[in-house]
Amino acid sequence: MMTGKILHTDTTKEDANYNLSVCILASGSRGNAVYISGGSASILIDAGLSGVEIERRLRSKGLYPEDLDAILVSHEHTDHIQGVGVLSRRFNLPIYINSKTENAAFSRLGNVHIIKNFECGSTFTIKDLAIHPFSISHDAEDPAGFTVNQNGIKIGIATDLGIATSMVKDHLKGCSLLILEANHDVDMLINGPYPWPIKQRIKSRTGHLSNEESKNLLKEVQHELLKHVILAHMSEINNTPQKALSEVGQALSCSKAQLDVAAQDECGALLHLK
């Protein structure tokens, strides 16, 4: 098959004992990106850092931007799309994005390799990955969360949530790995330095989940086969990893799932699910 890409062999990536590999390259208000591979297909969900920095972080984990098959875009905010256009042009990557988000992001994406529109609620495939985008509550045009499924192994990604709707809860059930927003500690937010209108926006139904709200969501979707929960999009001003882990961890008191926090300034571990 002629793809115009040089494919690399990497035992950490191609091990046949694993179905899905996941690495959070960055998470927070200054940039978000998640790498997912099913062995045959490798994708980014969002690319909110510069193209150069995303390349650097991929290579630091033994991953190759030349091997990517697509970039998925959750919504048009800069911390999710900053590097999308340049990576698409540099590596001839298709961008999967819904039409309202495309219209809102058009001027910042520039000329790109190809646009492929999806609709929230309709599953699509990229090689061996089955991807289901679902609507979430956030102050963007048509924001999406995602589940990614391969051979019965399911990943759920739900950040930038104003509230956890019944739809969100339904889609996040049955996941082996959850990337879940824990943006702020309510007391830190209320007593912190942000202007009151911004505090109201963060706390609103189209803002971000608090630690307590993340805990309550996790209580409803956890199950015995859940292996990893990664807390994401954490505010550097209005939260701490210790507070988030302490609060959200209460939902996993009877679970063997591993709970971690995604960082803004460094990659997380490259996790393998089987």
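Sum -39500 (n - 2.57) across every DSSP H segment of at least 4 residues in the chain, then divide by the residue count to get the 222 nm mean residue ellipticity, nearest 500. Before the final figure, lay out each step's value.
On the way: 10 runs with 76 residues, N = 274.
Using -39500 (n - 2.57) per qualifying helix, the result is -7500 deg cm²/dmol.
Based on the Cα gyration tensor of the range 136-271, what are the three equivalent ellipsoid semi-axes, each the root of five times an eigenvalue, rounded to whole Å and given largest first?
On the way: eigenvalues 114, 57, 36 Å².
Largest first, the range 136-271 gives 24, 17, 13 Å.
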Reduced Cα scattering model of the range 49-120, Debye log10 I(q)/I(0), q = 0.24, 0.25 Å⁻¹: -1.08, -1.16
In order through the range 138-143: 3J(HN,Hα) via Karplus (6.51 cos²θ - 1.76 cosθ + 1.60), integer Hz, x for Gly, Pro: 7, 7, 9, 5, 7, x
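If you average 1/r across every pair of different Cα atoms in the range 81-170 and take the reciprocal, what Kirkwood value do you get, in Å?
On the way: mean 1/r = 0.0709 Å⁻¹.
Answer for the range 81-170: a Kirkwood hydrodynamic radius of 14.1 Å.
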D (Stokes-Einstein, µm²/s), Kirkwood Cα radius, the chain, 1.002 mPa s at 20 °C: 115 µm²/s
Whole-Å semi-axes of the range 99-150's equivalent ellipsoid (Cα gyration tensor): 21, 16, 8
The range 244-273 versus the range 142-176: alpha-carbon centroid distance in Å: 16 Å
Partner lysines for residue 215 [C-alpha distance under 24 Å; skip if fewer than 8 residues away on the same chain]: 154, 169, 173, 199, 203, 227, 243, 256
Modelled label reach - residue 99, point 7 Å along Cα→Cβ, the range 127-162 residues with backbone N closer than 15 Å: 142
Calculated FRET efficiency for the pair residue 198/residue 78, C-beta based, R₀ 22 Å, to 0.05: 0.85
Paramagnetic reach from residue 205 in the range 114-148 [backbone N under 14 Å; point 7 Å along Cα→Cβ]: 136-139
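In debye, nearest 20: dipole of the chain around its Cα centre with unit charges on the Cβ of K, R (+) and D, E (-)?
Working: 26 positive and 31 negative charges, 35 e Å.
Rounded to the nearest 20 debye, it is 160 debye.
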Extension gain, residue 122 back to residue 173 (0.36 nm per residue minus Cα-Cα distance, nm): 16.6 nm
Under 18 Å from the Cα of residue 100 - lysines, other chains or at least 8 residues apart: 116
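No value in this document is a laboratory result; all are computed from the given coordinates. Remember, predicted model here, so these are calculated numbers, not experimental data. Because the Cβ atoms are built from the backbone with ideal geometry, glycine has one as well, and the counts that use them run over all protein chains shown.
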